[in-house]
Each structure stands twice: as structure tokens, then as C-alpha cells.
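The values are calculated or read from the model by the stated rules, or taken from the named source; none is laboratory data. No experiment lies behind these values; they were computed from the predicted model shown. All Cβ positions, glycine included, derive from the backbone under ideal geometry; neighbour counts span all protein chains shown. Keep in mind that these areas ignore ligands, DNA and RNA; they rest on the heavy atoms of the full protein, side chains included. Shrake-Rupley method; radii C 1.70, N 1.55, O 1.52, S 1.80 Å.
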Amino acid sequence: MQRIRLRYTKRGRLRFTSHRDFQRAFERALRRSSVPMAYSAGFTPHPKVSYANAAPTGVASEAEYLEIGLAEARDPQALRAQLDDSLPAGLDIIDAVEVRTSNFVERLEASEWQVRLAGVAAEEAARAVAVFLAAEQVEVQRLTKNGVRVFDARGAVAALELLPAQVDDGNDTATDRTGDVRTGNPCAILRLVVRHATPAVRPDDVLSGLRATADLAPPVPAEVTRLAQGPLDEETGTVTDPLALDRAAAPAGL
């Protein structure tokens with residue numbers, strides 16, 4: 001059995017696609033593309049597809065990952081293009097490698113996020129970031145199926161910084177990499193790197209922490225995009241490519 005790891009995106013309006021909705025769309029794409037899937041054993045066989053650390057509904061992403069098992073060998077790049085053509089625009093397969101290493105999920109140590117705060121001035125955001133980073137612990141609450149849970153949002157944050165703010169003149173309809181149209185309002189943009197830990201700390205938890213510590217309350221919901229997830233370089237606070245080891249392990253010429 002050949003195994004292929006795929007990187008895919010959720011862009012524009014399709015950021016509101018739930019993980020289950022994506023699973024259904026991807027399974028349809030597999031059937032349309034006549035991919036020779038390997039199946040599990042038992043009374044109800046299922047195609048061998050495994051997903052890793054999917055982003056929450058409503059969050060855009062440039063770095064989602066899944067793995068499929070094939071009954072017949074296929075060229076990863078040809079398979080990528082074939083599946084990408086069978087998915088709606090916005091759900092895009094952008095990378096594919098043959099599996100040559102183990103423990104892939106363990107390599108997903110952290111995520112890099114872009115958080116756009118429309119209507120927030122850069123000075124206000126910079127002050128809130130400084131207050132948050134200066135705190136040793138920032139307790140936030142999240143409602144779960146078992147009730148309200150209180151946990152620290154600060155410890156998982158490996159990096160948080162303000163990027164240059166964007167202000168458009170109202171006539172510019174240029175879009176950023178997520179497909180979102182920029183407005184004429186001030187927009188503070190944060191770069192956030194969060195370690196994958198237990199309990200999981202999400203961008204909305206960090207935003208709750210900014211509100212609790214510095215009273216930062218954007219007038220409209222934040223637009224959040226995952227830019228990367230993978231191994232974390234603690235010295236630089238950057239997230240590197242989790243597929244790099246598979247590429248490096250490929251025989252020369254492939």
C-alpha cells in the first residue's frame with residue numbers, strides 16, 4: 001500500500017466549512033477522480049484517510065494536512081492535481097508527498113496564525129500585545145460540553161507581534177492571501193505562534209486573553225488564518241515544513 005500526505009487550504013468563504021463538510025467533499029473528490037483507495041477491513045470498510053489537527057470552523061487555513069492510503073501506486077504530484085481539480089475553489093490541494101517517515105502528527109508542534117483586527121488602531125494593538133506578553137499567566141474561560149473550563153492562554157504562546165497595519169483608501173478592492181477584501185478602516189494585524197499543547201490554546205483564546213489583560217475588544221470579529229503548522233524553531237519562533245523529512249527521504253531523482 002502506498003501512502004500519500006497532502007496539504008490543503010480553506011480560503012475565502014470556505015473557511016466556514018466544517019471539518020465534517022470537508023470530509024464529505026474530499027470523499028466525493030476521491031470518487032470523481034477514481035483514486036484507487038485502500039480500504040479498512042471489517043463489515044463496513046472505509047477508505048484509508050486520516051486527518052491531522054484540523055482548524056476550527058470559521059477559520060481560514062493555508063496548512064491543513066491529511067494522509068491517504070492507495071491500493072495502487074500513483075505519482076504524488078499528478079494525484080494532487082487530479083484531486084485539486086475535483087474540489088471547489090477555496091478547498092485547494094497545494095502539496096503532496098509520498099510517506100517515507102513516521103510520527104507525522106508529532107511533528108505538528110505549533111501553528112502560525114495571522115489575526116486581522118479590523119477597526120483596531122496599531123497603537124492600541126501594540127499596547128495590548130505588550131501587556132499580554134509581560135504577564136506570566138493569563139487565565140481565560142472556554143465553554144465546553146462539560147461546562148466552563150479555565151486555563152492559561154499565555155504559556156502556549158511562542159510568539160506574538162504586531163505586523164504593519166493596513167489602511168485602504170476605500171477604492172482598493174485588492175485581496176490578501178485568504179481572499180478577504182480589505183476595507184478602508186484601520187486594521188491591526190497580529191502574527192501569533194501557538195504551541196500545540198493540552199489543553200489546546202486557539203487564537204480565540206489568545207484574543208480572550210488580550211481582552212482580559214488589556215481590554216482589547218475589536219468592533220467586529222477577528223479574521224483568523226492559519227499560515228503554517230509543523231515543527232517549531234524555539235530560537236526564532238518560526239514554524240517549519242512538516243513534509244520536509246518525507247521529501248528529504250525520497251530516493252534521488254524522484
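Quick notes on this structure:
- Percent accessible area from carbon and sulfur atoms, the range 204-244, protein chains only, probe 1.4 Å: 53
- In a simple Cβ point-charge model (Lys, Arg +1; Asp, Glu -1; nothing else charged), the range 43-99 has a dipole of about 220 debye relative to its Cα centre.
- The Cα trace of the range 12-99 gives Rg and Dmax of 13.1, 39 Å, the first to one decimal, the second as a whole number.
- Pairwise FRET efficiency - R142 versus T236, Cβ, R0 = 41 Å, nearest 0.05: 0.90
- Here each label is just a point 7 Å from Cα along the line to Cβ, and for A249 and T44 those points are 3.2 nm apart.
- Highest mean first, the peptides 198-209, 39-50, 77-88, 222-233 sorted by other C-beta atoms within 10 Å per residue fall in the order 222-233, 198-209, 77-88, 39-50.
- Computed from label points 7 Å out along Cα-Cβ, the spacing between Q2 and R127 is 5.9 nm.
- Under 17 Å from a label point set 7 Å out along the Cα-to-Cβ vector of R32, the amide N atoms of the range 56-89 belong to 79-89.
- Considering only T225, A25, A55, the residue lying farthest towards the positive end of the dipole of the chain is A25, judged by Cα position with unit charges set on Cβ.
- Magnitude of the charge dipole, the chain, Cβ model with Lys/Arg +1 and Asp/Glu -1, debye to 20: 1060
- The Cβ shell under 12 Å around E136 holds other residues with a net charge of -1, Lys and Arg each +1, Asp and Glu each -1.
- Proximity of backbone amide H atoms, modeled 1.01 Å from N, is registered between Y65 and Y8, A52 at under 5 Å, excluding neighbours fewer than 5 places apart on the same chain.
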